[in-house]
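A short worksheet on the structure shown next.
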Amino acid sequence: AAPDQIHQLDALVVGTGFGGIHMLYKLRKELGLDAVAIDKAGGVGGTWYWNRYPGALSDSESFVYQYSFDRELYEQNPWKTKYVTQPEILEYLNGVVDRYGLRDHIRLETGMTEAEFDENSGTWIVRTDRDLVFRCRFLVTAVGLLSATNLPDIPGIEGFRGRVVHTGAWPTDLDLAGKRVGVIGNGSTGGQVTTAIAPVVGHLTSFQRTPQYSVPAGNRELTAEERRSHRENFETNWEQVRNSNVAMGFEESTVPAFSVSAEERERIFQRAWDEGGGFRFMFETFSDIATDPAANEEAAAFIRRKIAEIVEDPEVRRKLTPTGVYAHRPLCDSGFYDTFNRPNVSLVNVKENPIARMAEDGIVTEDGVVHELDVLVCATGFDAVDGNYKRVAIRGRDGELLKDSWADGPTSYLGVATTGFPNMFMILGPNGPFTNLPPSIEAQVDWIGETVQHVRDTGASWIDVKPDTEAAWTETCADIANQTLFPKAASWIFGANVPGKKRTVMFYLGGLKGYRALLAEESSSGYPGFVISADELAPV
Ligand code: NA7
């Protein structure tokens, strides 16, 4: 584009999910900057725009699955159930955008394709898939850590006469009633979609590679008393959330599993099972489920006993029963195991009997059976954390591509900035906290806002992470992860779900409280982990 077609801005935000919306609010309403947000989607909402599959639900409890930056917004939110569904969350986010008058500053159906840092001017030039080019001092990427879809590579899939859909790009016109539907995957998404559609479809075939541990979600209406308490205890509740590890709105246990008797242990697991919630089951019961193999096995064995009680057919039960460590992202469901007692549901374990190819009329497994399908639903997850960064060309200092800089695995400092890419801030970048996400997003947005203000106040043109700082942070994240059992399970938390993706640490598992303290220390001590362009020029 000719220079006169370039839109000059103080800041550009890429993405309009929970992170992007809050960042745009911060930049415009609190810092008074000229900021715009773009999104490749046709509406705002990020994750909650794309994941419209039946059964899509946040399994963070609704009283903590929202913003806390405006108490009035919080108090006016009408959510009445313990968990909220995709349409409710999407409506909420649209309401936030309208409430603060942000819609005029959002360009939809506009995807970032390239971004390049110009060191002389200390600005970013951002190109899009439209005729829109931006030049801005600050670039904030809020592109989602679970949004770049991962599709299975099935030979012959293009010859399938039916329809193939990914849960993370769900079409609005798809009617599954009476259809023969295959679902590949049984993570959070697969569990939800399978449970929701089984009563509606003609026949459902679930293709599972790794059986999962799941506990009941326990969704229900909140009582009037609970809702009143959430409003009235706004400050104490959010203080608790911000000073916890997983930010889910409960106190994490400090009691080791073997410090109580076997009967007491059983009682505590049963109480958690009855209450519901995957994170509660893993972190509210005992302090060492995620770290001590023997404690972990106690929790796993409890869930296996429940599966044995629920699932009637012995062969189906065997296939549904996990044997490994309980260290994926903890799941919960609304009747997942029960679904396999239905006469219209069948289960194929694709580790024992892999998918060989796709025929015109369905999936052919290695035993030669054709599983006839009208629709194939891929609940196969995401190229998590860095997926969206690798799909565009982001060039930092000296023209280096971000995906090359991350060739050995994505890194950052505090999940918000990465060396060589000055003035670029990430929301939920690699090696950020592993928590219920809105509270971590708010911590990052606050910090990014403060840092942008700092750079402006000092008159500097850019700020960049020191390479040593970033290397040390990667090491910290790896050290903490290695003290847990999570690396022992092959999941997206470590990049293990995408073929060919390097397995590496992608989260800070030290908890939100510690994370927030580190962010605060960095800014209050004058950004020792960063180089600020003026610093370099200062006489020694
Ligand atoms: P997940 O948790 O990555 O689950 C993906 C599922 O798809 C999982 O069961 C995978 O089996 C399965 N999968 C992936 N690729 C294949 C192939 N090629 N063949 C067979 N099965 C496959 O994604 P979700 O969308 O459920 O959830 C992601 C996060 O989003 C979730 O944790 C929430 O935080 C929100 P595997 O276990 O790898 O053997």
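In table form, for the structure just shown:
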{"read-out": "Wholly enclosed helices (runs of 4 or more DSSP H) of the range 238-332 bearing at least 1 residues closer than 24 Å to TYR508 by Cβ and within 16 Å of the ligand (Cβ to nearest atom)", "value": "278-283"}
{"read-out": "Count - residues of the range 355-372 that are outside any loop (DSSP other than H, G, I, E, B) and away from the ligand (no atom under 16 Å from the Cβ)", "value": "3"}
{"read-out": "Complete set of residues in the range 131-187 that are in contact with a Ser or Thr (Cβ under 7 Å, 6 or more places away or on another chain), among the hydrophobic types (A, V, I, L, M, F, W, C) and within 16 Å of the ligand (Cβ to nearest atom)", "value": "LEU146, LEU151, ALA169, VAL183, ILE184"}
{"read-out": "Which listed residue is in contact with a Gly (Cβ under 9 Å, 6 or more places away or on another chain) and surrounded by 14 or more Cβ atoms within 10 Å (Cβ to Cβ), from ALA217, ALA272", "value": "ALA217"}
{"read-out": "Count of residues meeting criterion [of a type in the set (D, E, K, R), open to solvent by 10 Å² or more (accessible area, probe 1.4 Å) and part of a loop (DSSP other than H, G, I, E, B)] in the range 375-428", "value": "4"}
{"read-out": "GLU352 being over 27 Å from ASN219 (Cα atoms) and within 16 Å of the ligand (Cβ to nearest atom)", "value": "yes"}
{"read-out": "All strands (runs of 3 or more DSSP E) inside the range 3-121 with 1 or more residues being free of Cβ contacts under 8 Å to residues at least 60 places away in the same chain", "value": "112-118"}
{"read-out": "Selected residue [touching a residue at least 12 places away in the same chain (Cβ under 8 Å), of a type in the set (S, T, N, Q) and open to solvent by 50 Å² or more (accessible area, probe 1.4 Å)] from THR194, THR149, THR172, THR128", "value": "THR172"}
{"read-out": "Any hit, the range 163-174, residues being over 26 Å from the mean Cα position of the chain (by Cα) and farther than 30 Å from LEU512 by Cα", "value": "yes"}
{"read-out": "Residues of the range 52-69 satisfying the condition of being charged (D, E, K, R) and either open to solvent by less than 30 Å² (accessible area, probe 1.4 Å) or touching a Cys at 6+ places or on another chain (Cβ under 8 Å) (or both)", "value": "ASP59, GLU61"}
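The values are calculated or read from the model by the stated rules, or taken from the named source; none is laboratory data. Just so we're clear, the structure is a prediction, and the values are computed from it rather than from any experiment. For neighbour counting, all protein chains shown are included, and Cβ atoms are generated from backbone atoms with ideal geometry for every residue, glycine included. To get the accessible areas, we keep the full protein, side chains included, count just its heavy atoms, and leave off ligands, DNA and RNA. Shrake-Rupley method; radii C 1.70, N 1.55, O 1.52, S 1.80 Å.
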